[in-house]
Amino acid sequence: MDSISIRGGARLNGQIPISGAKNAALPLMAVSLLTREPLYLENLPSLADTRFMGELLATLGVEVAYGVNGGGPSAVRLQAPKLVSTLAPYDLVRKMRASFYVLGPLVAREGEAKVSLPGGCAIGTRPVDQHLMALESLGAHIDLQDGYVLAKAPNGLVGAEIAFPFVTVGATVTALMAATLAKGRTTIQNAAREPEVSDVADCLNAMGARISGIGTATLTVDGVAQLGGATHRVLPDRIETGTYAMAVAIAGGEVDLIGARADLVQRVIDVLSEAGVEVAETNEGLRVARNGHRARSTDITTEPFPGFPTDLQAQFMAFMATAEGESTIKETIFENRFMHVPELSRLGAEISVDGQSASVTGVERLKGAPVMATDLRASVSLVLAGLAAEGETVVNRVYHLDRGFERIEEKLGACGADIRRVSS
Ligand code: EPZ
């Protein structure tokens, strides 16, 4: 299995292109199940997860063609004139939780679906009760059998009031996709305001859906009889943006993040500025710089958008591990998202955890070591820590990184990082 080897100490200088957002691309691909017409997605990130979603959709009857219109692998055409299956088996769903996104569109279009329950994962139990509540509100009959969700709505879904008790990105997207084809009006209260949700809503509207309130906590959907095709450009990945911004914060130097959008990462920019990192908007994206002085410790609490994203918590902790002073990092979204702590400690970080809160005392220098992580964002936090560690850091289980970061070693290497992929 491949690993990534990093020799720390090099400053980063140059440009990094920001890819399309994984967490928008995955539901956007599932949206293709809602129409017979072609859906063209541009700026699709080339990742293990998006390829996998393409394979799952193909088993359901979606024709998936990459590299259309001369657009290279980031341009895909998805078209499902007729669905051949409404089953998403355990073997596929367990590999990637986002596979669960096929449930809403399948019930909405075909009136039935059988989708495996995803089960827990490294960052927490991650139930799907709110996805099911939303579909039940829309009139679907839900049964749980042998680890599968059986959803039926033979006469179609019907618009309803859906009020989420807490913010959930996934269940908001499930509700939104399903409601587009429901009869009448659906109101989604306490909807997630994450930009990826808005991107899905924009794409659905381009296909003929009638969604209003996009970007707010109340979404209103007036159902339509059918959706058509569209061409949609996936928005830039705010988590990739924040990750590379923190790479510069840790390693020092000056890097232009091409295609990054400040409005997607405003809270992150504020926190980095507080820590002494310069972030400025340019014509092409964002410029991030830390020159000379050591960064200052800063506290964060993860929150739904527009708060500090949980998907950047591990990377921020790696940054704070070398900043001056003590930082408190609170995780409020997932109950088990500190698995990177023991691995960062192996690199010499001083971190103590008390429940959902971690205290990080910055050290002058981390020291390279072999490490591994159990999820995507934890893995990338170890790569970032490696940039600032003396000697060699080897990050094992690289398949987690390949799920969510496109060509990470090339992007960091092009800015002067001493980083390479080692195949074994
Ligand atoms: C999405 O997961 C992202 N994944 C996650 O990114 C991200 O961390 C998360 O949103 C929060 O921003 C994708 O978009 C594919 P939630 P999702 O529903 O939709 C609980 C990454 O690294 N909950 O907003 O699964 C849940 O357990 C990944 O790219 C229920 O209790 O997150 C969590 O505590 C990791 N019941 C909270 O809500 C439900 O039915 C928020 O989860 C659904 C969620």
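Read-outs throughout are calculated quantities, based only on the coordinates presented, and are distinct from any laboratory measurement. Just so it is clear, the model here is predicted, and its values are computed rather than measured. Don't worry about glycine lacking a Cβ; one is built from the backbone with ideal geometry, like all the others, and counts go over all protein chains shown.
Odds and ends about this structure:
- Listed pairs Lys22/Lys82; Lys22/Lys114; Lys22/Lys367; Lys22/Lys183; Lys152/Lys183 exceeding 23 Å between Cα atoms: Lys22/Lys82; Lys22/Lys114; Lys22/Lys367; Lys22/Lys183
- Measuring r between the beta carbons of Met339 and Leu87 and using R0 = 51 Å, the FRET efficiency lands at 0.95.
- For segment 119-267, the dipole from Cβ point charges (+1 on Lys and Arg, -1 on Asp and Glu) about the Cα centre works out to 320 debye, to the nearest 20.
- Positive-end ranking of Ala140, His293, Pro309 along the dipole of the chain, with charges on Cβ about the Cα centre, is headed by Ala140.
- Cα principal axis extents for segment 1-60, largest first, Å: 52, 29, 13
- Here the extension length gained between Glu326 and Ser423 equals 31.1 nm, from 0.36 nm per residue of separation less the Cα-Cα distance.
- Label-zone membership for segment 197-234, site Thr187, 7 angstrom Cα→C-beta point, backbone N under 19 Å: 210-224
- Summarising the strand pairing of segment 1-151, around 90 percent of its internal DSSP beta bridges are antiparallel.
- Between Glu392 and Arg94, the FRET efficiency estimated from the beta carbon spacing at R0 = 30 angstrom works out to 0.30.
- The sum of -39500 (n - 2.57) across all DSSP H runs of n ≥ 4, divided by the residue count of the chain, sets its helix-only mean residue ellipticity at 222 nm to -9000 deg cm²/dmol.
- Stretching Val363 away from Tyr66 to a fully extended chain increases their span by 102.3 nm, per 0.36 nm per residue minus the current alpha-carbon distance.
- Packing rank of 36-44, 107-115, where each peptide gets the mean count of other beta carbons within 10 Å, highest leading: 107-115, 36-44
- Rounded to the nearest Hz, the phi-derived 3J(HN,Hα) couplings of segment 39-46 under the Karplus curve 6.51 cos²θ - 1.76 cosθ + 1.60 (θ = phi - 60°) are 10, 9, 10, 10, 6, 6, x, 8, where x marks glycine and proline.
- Under 15 Å from Lys411, Cα to Cα: aspartates and glutamates that are on another chain or at least 8 residues apart: Asp237, Glu240, Glu254, Asp256, Asp402
- Mean projection area, nm², convex hull over Cα of segment 22-156: 8.0 nm²
- Candidates Thr393, Cys121, Pro154 compared by Cα position along the dipole of the chain: farthest toward the positive end lies Pro154, with charges placed on Cβ.
- Mean separation of Cα contacts under 8 Å (6+ apart) over length of the chain, as relative contact order %: 21 percent
- Contour excess over end-to-end distance, with Cα ends at Glu278 and Glu112 and 0.36 nm allotted per residue: 54.6 nm
- Leu144-Met372 pseudo-label distance in nm [points 7 Å out on the Cα-to-Cβ vector]: 3.1 nm
- Between Asp129 and Ser352, the FRET efficiency from the beta-carbon distance, with R0 = 35 Å, is close to 0.60.
- Grouping the Cα pair distances of segment 298-356 into 5 Å bins from zero gives a pair-distance distribution of 4, 19, 32, 27, 14, 4, 0 percent in increasing distance order.
- A simple charge model with +1 on the Cβ of Lys and Arg, -1 on the Cβ of Asp and Glu and nothing else charged puts the dipole of the chain at about 640 debye relative to its Cα centre.
- Interatomic Cα distance distribution for segment 243-291, bins of 10 angstrom, percent: 30, 63, 7
- Summed over all non-identical Cα pairs, the Kirkwood treatment of the chain gives a radius of 21.9 Å.
- Taken over the Cα atoms of segment 282-399, the convex hull encloses 123 Å³ per residue.
- When segment 139-179 is reduced to its Cα atoms, the Kirkwood hydrodynamic radius in Å: 11.8 Å
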